[in-house]
Amino acid sequence: MDVTLHLAQDPDADALLGRSPLAALTGMLLDQQIPMEWAFKGPATIAQRLGADDLDAHEIAAYDPDAFAALLSDKPAVHRYPGSMAGRIQQLCRYLVEHYDGDAEAVWRGVDDGKQLLKRLEELPGFGKQKAQIFLALLGKQLGVRPTGWREAAGAYGEETSFRSVADITGPESLAKVRAHKQELKAAAKVAKASKAAKKPAE
């Protein structure tokens with residue numbers, strides 16, 4: 001795996017994401033409740049603080065939990081909730097060690113069916129269906145991992161000309177489009193919530 005990604009909008013962080021399957025999975029795990037660029041810069045920050053040029057699932061899985069949480073909490077923090085995310089990253093790495101001998105790429109290497117790959121991604125700690133579909137779309141659209149039926153398995157995130165998620169970010173312009181889409185969804189959800197609240201007393 002050696003491609004050019006533009007998810008962190010930072011050359012060094014993006015270079016790591018493009019060559020390291022574990023870094024890409026970790027960035028996807030971190031991508032919640034913080035800006036996308038912050039999430040995907042996280043793996044490079046963690047590697048740097050570990051004194052390494054990549055992430056190692058065996059090392060992270062065996063790391064002292066308090067020390068690992070402290071490592072993510074150092075300023076600037078890797079996430080808005082560095083302690084809980086440190087635990088989730090360690091949980092992910094332990095799962096990869098137990099099921100894939102620490103080889104993150106083995107999650108998708110040689111899998112020739114999109115549904116099967118989605119199932120494998122959904123089994124990863126911290127990956128619900130939506131996160132698994134987005135990562136599957138990222139694999140297909142930007143990382144050249146395209147098992148049969150991957151677009152269908154990825155749902156709306158697999159659509160060719162969509163700007164729904166990190167899978168569609170290839171630079172600043174597409175990042176702006178994805179961000180605009182997310183803001184539209186938030187606004188629509190807010191309107192729906194307000195409408196539901198307004199109807200309640202009348203029922």
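At a glance:
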| item | result |
| --- | --- |
| Distance (nanometres) between label positions extended 7 Å along Cα→Cβ at Glu59 and Lys182 | 2.9 |
| Calculated over segment 130-203: convex hull of Cα atoms, volume per residue (Å³) | 96 |
| Segment 159-203 and segment 1-43: distance between their alpha carbon centers, rounded to Å | 22 |
| Full-stretch length increase - Glu173, Gln33 - with 0.36 nm per residue and alpha-carbon distance subtracted | 48.2 nm |
| Cα-Cα separations in segment 31-119 greater than 19 Å, expressed as whole percent | 44 |
| Relative contact order, percent, the chain [alpha-carbon distance under 8 Å, six or more residues apart] | 16 |
| Cross-link pairs beyond the 22 Å C-alpha cut-off, checked among Lys129/Lys182; Lys131/Lys186; Lys115/Lys186; Lys131/Lys196; Lys115/Lys193; Lys115/Lys141 | Lys115/Lys186; Lys131/Lys196; Lys115/Lys193 |
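Values in this text are rule-based calculations from the coordinates and carry no lab data. Quantities reported herein were computed from a predicted structural model and do not represent experimental measurements. So basically every Cβ, Gly included, is an ideal-geometry build from the backbone, and we count neighbours across all protein chains shown.
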